[in-house]
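The values are calculated or read from the model by the stated rules, or taken from the named source; none is laboratory data. All of these numbers come straight from a predicted model, not from anything done at the bench. Virtual Cβ from ideal backbone geometry, glycine too; neighbours counted across all protein chains shown. Note: accessible area is taken over every heavy atom of the protein model, side chains too, but ligands, DNA and RNA are not part of it. Shrake-Rupley method; radii C 1.70, N 1.55, O 1.52, S 1.80 Å.
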Amino acid sequence: MTDAPVLTLRGIGKDYGRTVAVDAVDLELRRGEFVSFLGPSGSGKTTTLMMIAGLQTPSRGEMLLQGRDLGPVPPYRRNIGVVFQNYALFPHLSVAANVAFPLQMRRVGRTEMARRVGETLALVGLPDHGARLPAQLSGGQQQRVALARALVYQPPLLLMDEPLGALDKKLREQLQLEISRLHRELGITVLYVTHDQEEALVMSDRIAVFNDGRIEQIGRPQELYEHPASRFVAGFVGESSFIVGRVTSAAANRVAIETAHGMLCGHPATSLAPGDAAVLAVRPERVGISEEAAGGDRNVVHARLVEVIYLGQSRKFMAALPNGEIITGLLPIALAADDLAPGQTVDLTWRASECTILPDH
Amino acid sequence: MNAGRLWRWLAYTVCGLVAIYLIAPMLIVVIISFSSSALLTFPPPGFSWRWYQNLVTTPAWRESFTVSLEVMTLTALLATTLGTMAAVGLAGRRTRWLAGLRTLLMAPLVVPQIVSAAGIFLLLDACGWVGTIRALVTAHTVLAIPYVVATVGAALETTDPGLVPAALTLGATPSVAFRRITLPLIRPGILSGLLFAAVLSFDELIVSLFLSTPRTRTVTVQMWSNVFGDIDPAITAIASLILLVSMLLLGAYSLIGRRRGAGSVVMPL
Ligand SMILES: Nc1ncnc2c1ncn2[C@@H]1O[C@H](COP(=O)(O)OP(=O)(O)O)[C@@H](O)[C@H]1O
Ligand SMILES: [Mg+2]
């Protein structure tokens, strides 16, 4: 029973007229897990979240919360916590009254209510702000109140829709750590929507990458980063450079593709067969500039530097291949020669085992 | 520098003249209402309360004033309730036929009053209602609803549409969410709608003329019929009272506006 998923989505979808907002989403959320929905704007993250909250009716599919079918349950009986991007605090109620609101709806007694409101406000770092109105708080403080209001009734599932989207970078990083801390301390299950891949990588146990109303890939951050299953994921989670080609030989963990720049090898993301259109994806930090000839395990391409950017700890460079494809590289400052300059021709190199070959549609 | 000052003085003078032009008729009416003379002479020869006493002792004035107050109260309550419900129902929805419905509700603002009056008369006459309080209340309510829809609609537009969904996720049923969240936030709009409806009903003449009988008539109709009889300063006394009621309602309106900040109370049109 304890291993039963908190939330199960089976083929959930939503159409608005002829536009498909969410195509078909499958997901199982384990107890205590922090899962992020990561994807570009318009990929269906919010709609999926709102269907779980009960604020949108699915056009198809099935949702279970702790094994119970959510279909016939109205939003006010789902007992799910929701934190909205624009906070949605009640402007005419004090901070304490905002946090007390869900407890009033559950007919919690007066003393118990006061205790829990006080505790929860302390938990989010606002113990002395109960008497203020939301408008008297900063954006970050308002978001903490929204969080307190969604946590105070201890819902089995907390949904957050880009909760930090309206805050500046520094505050955002601080609140990311605080939300992670709350998640650990309270052991709550969280579904977190973001379009910021760094935020998703920092906070999540698993990330579901959304594209066009579907989950393109779901997995642990490291898994997604190191083994993206599609060109979209490789480009959206972290940075990748791409070289297109065609598979010439395919083994279980080694695929060779013929490209405009010669034969290149890499680790296959999925099973590929000779003749398939494929694309090689390589992370900037894996690309080096080589002087000596390539070894057996290394890919080498000849390119011309078009840009070199000094980043303090490292140097980032962009190099153009003869057919216009761009390879981005990132060299630690100790390894980057001072005289790297646009216009130079260089040999770029990376290990075959450190790049991925993906199917190209 | 000098030219600037000249222009400023010119502006003050023009404003002053316009203000006098606007206020003078009301001022003359109020002054004459305290006249000791039986004639409408200006300036009055002396001060007296006789015309106000005359109002109280003349049954026609007393009764019509009571009718007006009753109709005003019922109209304000009814129009506010119906108009608020309509505004809430129409808010945030943009389908074509709801837009049509909204236009229909606002129609009394643009339909010439005499046309509305004739139509309402024909309808209510067929029901046999002419000369009743409920006929006056029904007609005034139709005319007042657009004002309420406008003020409440404006208040709804300034409230975050995400608040009710948030309340639902927190466990509030739709009706609780309306009472605890929507209603307090649109209260200034509702109150100003209520006041506009009251002023409209109290001042209304044209439709009331069609629906009044010698036994049941509003104070405006009573004034109107008096103008053709032996005209005396009693009519200025009743006019001053109407002015007083309107000014009290307007004063209440501006108090709401001040307490809630200028943004949340919006004058219709
Ligand atoms: N109420 C709506 N009516 C019509 N289309 C909508 C509505 N809400 C969302 N959409 C469409 O559905 C798609 C997914 O939207 P959304 O779930 O908000 O994406 P995300 O949160 O990932 O940015 C978008 O193409 C959007 O235009
Ligand atoms: Mg969104």
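The DSSP beta bridges internal to the protein assembly as shown are antiparallel in roughly 75% of cases.
Phi angles across region A:3-9 convert, under the Karplus curve 6.51 cos²θ - 1.76 cosθ + 1.60 with θ = phi - 60°, into 3J(HN,Hα) values of 8, 4, x, 5, 9, 10, 10 Hz, Gly and Pro given as x. Subtracting the Cα-Cα distance of residue A:57 and residue A:306 from 0.36 nm times their residue separation leaves 84.6 nm of extension gain.
Taking trypsin sites (Lys or Arg not before Pro) that fall in a DSSP loop and have at most 15 other Cβ atoms within 10 Å as cut points, what is the longest piece of chain B between them? List each step's numbers first, then the result.
Details: sites that count: B:93, B:94, B:215.
Counting at most 15 other Cβ atoms within 10 Å as exposed, the longest clean stretch of chain B is B:95-214.
The fraction of Cα-Cα pairs per 5 angstrom bin, counted from 0 for region A:175-244, comes to 3, 15, 28, 22, 15, 10, 5, 1, 1, 0 percent, rounded to whole percents. Charging the Cβ of each Asp and Glu at -1 and of each Lys and Arg at +1, and nothing else, the dipole of region B:60-260 about its Cα centre rounds to 840 debye. The longest stretch of chain B left intact once loop-based chymotrypsin sites (Phe, Trp or Tyr not before Pro) with at most 13 other Cβ atoms within 10 Å are removed from consideration, loops following DSSP, is B:50-227. Extent along the principal axes, Cα only, for the protein assembly as shown: 121, 75, 52 Å, with the longest axis given first.
Annotation: average projected area of region A:1-112 is 9.2 square nanometres, based on the convex hull of Cα atoms across all directions. Every helix of 4 or more DSSP H residues in the protein assembly as shown counts as -39500 (n - 2.57), and over all residues that averages to -14500 deg cm²/dmol at 222 nm.
Just the projected area, averaged over all directions, of the convex hull on the alpha carbon atoms of region A:167-315: how many nm²?
Details: hull surface 49.7 nm².
That works out to 12.4 nm².
Rounded to the nearest 0.05, what FRET efficiency is calculated for residue B:31 and residue A:132 with R0 set to 56 Å and r the Cβ-Cβ distance?
Numbers: r = 53 Å, r/R0 = 0.94.
Approximately 0.60, to the nearest 0.05.
May I ask you to give the average projected area over all directions of the convex hull of the Cα atoms of chain B, in nm² rounded to one decimal? Walk me through the numbers on the way to the answer.
Working: hull surface 83.5 nm².
For the Cα atoms of chain B, the hull's average projected area reads 20.9 nm².
For region A:236-357, the Cβ-based charge dipole about the Cα centre amounts to some 240 debye (Lys, Arg positive; Asp, Glu negative; other atoms uncharged).
Both numbers refer to the Cα atoms of region B:1-81; Rg and Dmax are 21.0, 63 Å. For residue A:79, no residue has an amide H sitting under 5 Å from its own, ignoring neighbours fewer than 5 places away on the same chain, with H placed 1.01 Å from N.
Along chain A, the exposed loop sites are trypsin sites (Lys or Arg not before Pro) outside DSSP states H, G, I, E and B with at most 10 other Cβ atoms within 10 Å, and the longest stretch free of them is A:108-361. Using a probe of 1.4 Å on the protein chains alone, the accessible area found for residue B:26 is around 90 Å². When nucleic acids and ligands are ignored and a 1.4 Å probe is applied, residue A:230 ends up with an accessible area of around 20 Å².
Across the options A:312, A:87, A:264, the greatest Cα extent toward the positive end of the charge dipole of the protein assembly as shown (unit charges at beta carbon of Lys, Arg, Asp, Glu) belongs to A:87.
Apply 1/(1 + (r/R0)^6) to the Cβ-Cβ distance of residue A:361 and residue A:251, taking R0 = 25 Å, and write down the FRET efficiency to the nearest 0.05.
Numbers: r = 23 Å, r/R0 = 0.90.
Step by step, r from the Cβ atoms, then E = 0.65.
Per residue, what volume in Å³ does the Cα convex hull of chain A take up?
Values: hull volume 63.6 nm³, N = 361.
So the per-residue hull volume is 176 Å³.
Label-to-label distance for residue B:134 and residue A:333 is 8.8 nm, based on points extended 7 Å past Cα in the beta-carbon direction.
Which values, in whole Å and largest first, are the semi-axes of the equivalent ellipsoid of region B:99-156 obtained as the square root of 5 times each eigenvalue of the Cα gyration tensor?
Details: eigenvalues 117, 32, 15 Å².
After diagonalising the Cα gyration tensor, the semi-axes are 24, 13, 9 Å.
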